[in-house]
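Note sheet for the following structure.
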Amino acid sequence: DCSQTLCKATCPTAPSNAMARAQPFTQLQLLLLHLPLLLCPQLVAVAEASITNTSAAFRGVRVCPPSNAPANLTGLQSERSCAVECAARANCAAAAHSPAEAACRLADAAAFAATWRSSDTCRSVVNAGRLAGGFAVAALSQTTLAALLVFHNFLLGLPNLAGNRSFAASLGSGARLTDRGVWLSGHADSFIEIDTESGNLTKHLTYGSQFTYFAKYLRYWQPGQKYVYIQEFTALSSFVSGGHWNEYRSSDNVNFTKLSIEAQFADNRVQKRSYEFNLLTVTDTEPVFTAATFNGSSFNQLFFNGTFFNGYHSDFNYNFTSDWNDRLRLGTSSLNTDKNMRGFFICWGVAAGQLTAAQLAEINALC
């Protein structure tokens, strides 16, 4: 039988949270950590659940620490060991394991946002819950940070990283979260849905208001595909479009594309649509970072891979249904599945006001 005293045994004190002074658990600490489990079998199930929860909290991403960043911990043989060490420190949000050095580099949310960058050359693990809120503080200017209503960086998971706001993201059954973003297959069940919280988001996107949409994605054009949808608002009761944002190509030449965005404002009974008529050079091998700014009466500027273009307007007056902006989905079209995106959705968000090219560059750097 297990004595009450032994069952009350506690784990050794976790190392200091200071990244610079971090030390891995010693063999003696690990032995003491597991000793209660050997003596108290009923604790095994609890420990296994704890390990599972810790593993689930961290996920792999293609993000690298700076090349000159010193190792915080040495003598660690696996990525999982790095994740365990990071989990033991309340302010640790990311860990990168170097097999060659048997070392681990750790970062809190601010350091991660300021200096760790997307790359296909290495892999890290992050705790998206610890990144939320503090993620963008160090890397974004105060003006940009204050403007953000929604910022989803799907390299890091599904939480909204813009302050304490919710507007949660969820995935259709055919979408998959990967270390390159959300994979969309192009099928009807493969999409990202943003919770508009019964109009709490769309109240910021009214006629007369100024706002900016932005998105980053890597899409693969399908044979004969002319459009790919970036986002679409629809009614909850039926798939009636309340406005969409898409990328368009006039031929099968994948090296050129155009942008189009429209929004319907039911209270004002107007539809606002803007096009970019210039041929924009793109490929299927590099992500696209794009944005659209609304000046209160039209989408006056469209942004594409570092450059603003003036939008050409085509407006309509109509009696629109007020609930057409209830549902917001990314990468899918309710009108035609041929317009669904196939590829990786990396970042998406909304900001109050019209963001500048410099502010959009700040955001793009985090994606």
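The values are calculated or read from the model by the stated rules, or taken from the named source; none is laboratory data. What you are looking at is a predicted structure, and each value in this text was computed from that prediction instead of being measured. Neighbour counts are summed over all protein chains in view; Cβ atoms, including those assigned to glycine, are modelled from backbone coordinates with ideal geometry. When the accessible area is computed, the model is the full protein with side chains, heavy atoms only, and any ligands, DNA or RNA have been set aside. Shrake-Rupley method; radii C 1.70, N 1.55, O 1.52, S 1.80 Å.
Summary table
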{"item": "One residue from 141, 118, 78 being among the small types (Gly, Ala, Ser), at negative phi and touching a Leu at 6+ places or on another chain (Cβ under 7 Å)", "result": "118"}
{"item": "Some residue of the range 60-77 being in contact with a Gly (Cβ under 9 Å, 6 or more places away or on another chain) and more than 23 Å from residue 363 (Cα to Cα)", "result": "no"}
{"item": "Residue pairs meeting the criteria (Cβ under 7 Å; at least 6 apart or on separate chains; first closer than 16 Å to residue 123 by Cα, in the range 73-98; second part of a loop (DSSP other than H, G, I, E, B) and among the aromatic types (Phe, Trp, Tyr))", "result": "94/116"}
{"item": "Of residues in the range 122-133 being in a loop (DSSP other than H, G, I, E, B) and at pLDDT below 80, the one surrounded by the fewest Cβ atoms within 10 Å (Cβ to Cβ)", "result": "133"}
{"item": "Residues of the range 98-119 satisfying the condition of being more than 19 Å from residue 157 (Cα to Cα) and open to solvent by 30 Å² or more (accessible area, probe 1.4 Å)", "result": "99, 100, 101, 105"}
{"item": "Among the candidates 198, 190, 166, 238, residue that is at pLDDT 95 or above, over 23 Å from residue 364 (Cβ atoms), in the same structural domain as residue 354 (by the TED database) and of a type outside the set (Phe, Trp, Tyr)", "result": "190"}
{"item": "Filter result (in a loop (DSSP other than H, G, I, E, B) and of a type outside the set (Asp, Glu)) within the range 172-198", "result": "172, 173, 174, 175, 180, 186, 187, 188, 190, 191, 196, 198"}
{"item": "Pair list, Cβ under 7 Å, 6 or more apart: the range 141-164 residue aliphatic (A, V, I, L, M), other residue in a helix (DSSP H, G or I)", "result": "149/204; 156/128; 156/131; 161/131"}
{"item": "Single residue of the range 322-367 satisfying the filter (under 19 Å from residue 191 (Cβ atoms) and polar (S, T, N, Q)) that is modelled with the highest pLDDT", "result": "340"}
